[in-house]
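Please read the structure below before turning to the comments.
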Amino acid sequence: MALITDARLPLHIRVRDELLRRISDRIWTAGEALPGEDRLAAELSISVGTMRKVIQSLVQEGVLERVHGKGTFVTSAFERTSMLRFVRFRGPGENTLPKATILQLTTKKASGEIASKLQLKPGASVIYMHRSRSYDDEVVLVEHIWLSHKRFSKLLPYLQTESPPLLYPVYDSVCGVLVHRAIDELEMDSISSEDAKVFDVPVNSSCMRIERVMHDHAGDVVEWRVSFVPANRFHYTVEIR
């Protein structure tokens with residue numbers, strides 16, 4: 001099979017783009033093993049060395065994962081991108097998922113800012129979701145989420161009867177959209193009057209604002225999300241080696 005990417009690009013970039021295209025097109029799904037390097041190299045008429053270099057670069061990017069003795073697999077971003085890593089748990093919450101409550105679910109026309117974040121044209125139809133996450137009736141996280149209606153139209157009827165604790169697996173199972181890479185920006189902020197009612201705290205209480213742009217394996221924007229965690233609930237640990 002010949003490469004279908006731009007022939008003007010270097011060979012290893014063209015091979016990388018082809019593998020990403022197959023992942024994006026669901027030819028290989030999350031958790032599925034790729035064919036062997038020899039087989040892939042023969043299929044694309046390239047050297048095994050070039051294929052090995054491409055696969056190693058995708059492993060370093062987190063797209064693929066090598067499992068000793070088993071092969072190379074497509075990774076899933078479900079766990080490593082969870083917003084829950086920003087929340088300090090109390091009591092039994094550490095080992096359980098918080099309850100998710102959808103406070104508002106609607107479609108609207110994208111403003112200039114929303115369209116820019118989702119790489120859409122202004123006025124394009126988008127899905128807006130406002131939801132809370134709670135433990136023992138204490139809200140620990142509030143999220144404002146925007147999605148392309150064209151890409152996530154199947155999500156609306158699903159969420160009218162379900163309120164899953166994690167959305168990314170639902171994007172995959174219901175809409176066929178596999179998330180891969182998140183860009184998070186954190187800054188101190190104050191809680192709005194709308195969210196203060198949800199948290200049951202005074203307006204303008206201190207909080208951490210987490211803005212996220214989520215991408216799929218092809219690099220396209222999947223979701224724009226702005227989340228808020230009260231200051232006394234915020235916690236984040238990172239290990240640097």
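The values are calculated or read from the model by the stated rules, or taken from the named source; none is laboratory data. Everything numeric here is computed off the predicted structure, so don't read it as measured data. Cβ coordinates were reconstructed from backbone atoms using ideal geometry, including for glycine residues, and neighbour counts include every protein chain displayed. Note: accessible area is taken over every heavy atom of the protein model, side chains too, but ligands, DNA and RNA are not part of it. Shrake-Rupley method; radii C 1.70, N 1.55, O 1.52, S 1.80 Å.
Things to note:
- Out of Ser47, Ser57, sole residue that is out of contact with any strand residue (DSSP E or B) (no Cβ under 6 Å at 6 or more places or on another chain), small (Gly, Ala, Ser) and in contact (Cβ under 8 Å) with a residue 12 or more places away in the chain: Ser57
- Of the helices (runs of 4 or more DSSP H) entirely within segment 104-194, those holding at least 3 residues that are touching a residue at least 40 places away in the same chain (Cβ under 8 Å) occupy 112-118, 168-175.
- Considering Lys150, Lys108, Lys121, the condition of being under 19 Å from the mean Cα position of the chain (by Cα) and open to solvent by 20 Å² or more (accessible area, probe 1.4 Å) is satisfied by Lys150 alone.
- Residue satisfying all of: in segment 215-241; under 20 Å from the mean Cα position of the chain (by Cα) and charged (D, E, K, R); nearest to Leu84 (Cα to Cα) among these: Arg225
- Comparison of Val222, Val201 shows that the only residue that is in a loop (DSSP other than H, G, I, E, B) and either among the aliphatic types (A, V, I, L, M) or touching a residue at least 12 places away in the same chain (Cβ under 8 Å) (or both) is Val201.
- Number of the condition not met by Arg181 [criteria: (1) touching a Gly at 6+ places or on another chain (Cβ under 8 Å); (2) buried (at least 19 other Cβ atoms within 10 Å of the Cβ)]: (2)
- For the condition open to solvent by 70 Å² or more (accessible area, probe 1.4 Å), assigned by TED's automatic domain parsing to the domain that holds Val213 and not β-branched (Val, Ile, Thr), Glu143 does not qualify.
- Residues of segment 210-228 that are of a type outside the set (Phe, Trp, Tyr) and touching a Leu at 6+ places or on another chain (Cβ under 7 Å): Ile210, Asp216, His217, Ala218, Val221, Glu223, Ser227.
- Taken together, the residues in segment 204-214 that are open to solvent by 20 Å² or more (accessible area, probe 1.4 Å), within 25 Å of the chain's Cα centre (by Cα) and free of Cβ contacts under 8 Å to residues at least 40 places away in the same chain amount to 2.
- Scanning segment 223-241 for residues that are crowded, with 18+ Cβ neighbours inside 10 Å and in contact with a Lys or Arg (Cβ under 8 Å, 6 or more places away or on another chain) yields Glu223, Trp224, Arg225, Ser227, Phe228, Arg233, Phe234.
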